[in-house]
Amino acid sequence: MKNILLATLFVLLGLLGNSQELRCEVELLAPQLKNDPENTQVLEQLKKTVLNFMNNTKWTSEVFKEHEKIETSILITISERSGDAFTAKIQVTSRRPVFNTNYTSTVVNTLDGAFNFTFQLNAPILFTQGAYTNNLSSVLAFYAYYVIGMDYDTYSLEGGTKYLLKAQEIANLAQSSGQLGWSSNESVNNRYWIIENILNVQFKGMRKCSYEYHRLGLDLAHDEAKNGVDNITKSLSYLEQVHLNKPGSVNMRLFFVAKVNEILNIYSEASNLNKQTVFNIVRRLDPSNIQKYQKMLR
């Protein structure tokens, strides 16, 4: 009896020790491939395989409790299929809980239009650290580490560096593949530049903003509303130097894609001083949403 209990305990400890990091939902759209049983079968298995890959891969050596898993969503929209080859785009979103509330704050929200890959029925998605296997596994692994790194950055200053470096390693290994999205010369908005920028010293202000915005701002606001909002205002000011260093970066755009509506909600009842201060920042850094921000001052 004692041996059985010990064996059960070791199994449970093993399961806890291997608890994965992501709680990932996967949706797959293929409006051009409807009404074909073969396509339906392939797409259903593709969705399940991506879901299993994201949720069952152990991405770090850390132990995540169930409630600590990072809420992640992946939307893959396929426009073409030719045999095993697919042309698609992928949207990746992640959220983190705000302390002492039921609210989750969007950390990552990126739409990647350069997502071509191959997939075969009954074939697993294979990924090996330190090697390029195929584009499907590389893109998914890249975003897994990017999400984890960006999430860690919200809890401690530059806390996600080692995971962002893993994403950068994947990007560097994939450059020779010839696949879209990995080349420094291809676009200033692709995966190469997303990870290259965030690890560059010129973007330290963005990472400091992420930490203070979430940990010293949102997490504090429930109990100390004024101090929390003041800290968020201060954190957003760090983005101005990033903008001066590299205006129009993809990272700045992605920050505001994730945060624009949240900022509007935060400052809807803030002091006039905070509203005006933040408005003066965002009108320079996120001019595409200027009409939304103007409502904040009314």
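Structural remarks
- Glu269 versus His222: modelled label distance in nm, points set 7 Å from Cα along the beta carbon direction: 1.6
- Per-residue extension of 0.36 nm, minus the Cα-Cα distance of Glu262 and Lys58, leaves a gain of 70.3 nm for this segment.
- Alpha-carbon centroid distance for the pair region 111-185 / region 275-295, whole angstrom: 33
- Axis angle, to the nearest 10 degrees, between helix 161-174 and the longest C-alpha principal axis of the chain: 50 degrees.
- Take each peptide in 113-126, 200-213, count the other Cβ atoms within 10 Å of every residue, and average; sorted highest first, the result is 200-213, 113-126.
- Rounded tilt (10° steps) of 37-56 against the dominant C-alpha axis of the chain: 60
- Size descriptors for region 73-159, from the alpha-carbon set: Rg then Dmax equal 15.6, 50 Å.
- Placing pseudo-labels 7 Å out from each Cα toward the beta carbon at Leu121 and Ala85 gives an inter-label distance of 2.1 nm.
- For region 146-298, the tally of Lys pairs with Cα-Cα distances below 19 Å comes to 18, considering only residues 8 or more apart or on different chains.
- Here the Debye sum runs over all C-alpha atoms of region 94-245 as equal scatterers in vacuum, and log10 of I(q)/I(0) at q = 0.08, 0.14 Å⁻¹ comes out as -0.27, -0.74.
- Dmax and Rg, reported as Rg then Dmax, of region 193-298 (C-alpha, Å): 13.2, 39
- Three-way shape label, the chain, alpha-carbon gyration tensor, a/c 1.5: oblate
- FRET E, pair Arg284, Val188, Förster distance 25 Å, beta-carbon r, rounded to 0.05: 0.85
- Listed residues Cys24, Ser183, Leu239: farthest to the positive end of the dipole of the chain (Cβ charges): Leu239
- Probe 1.4 Å - accessible area at Glu68, Å² to nearest ten: 80
- Within region 50-89, trypsin sites (Lys or Arg not before Pro) in DSSP loop having at most 12 other beta-carbon neighbours inside 10 Å: Lys58, Lys65
- Of all beta bridges that DSSP places with both ends in the chain, some 75 percent have antiparallel geometry.
The values are calculated or read from the model by the stated rules, or taken from the named source; none is laboratory data. As the structure is a prediction and not an experimental result, all values here were calculated from the model. We place every Cβ from the backbone using ideal geometry, glycine too, and count neighbours over all the protein chains shown. Quick note on the areas: whole protein, heavy atoms, side chains included, nothing else; ligands and nucleic acids left out. Shrake-Rupley method; radii C 1.70, N 1.55, O 1.52, S 1.80 Å.
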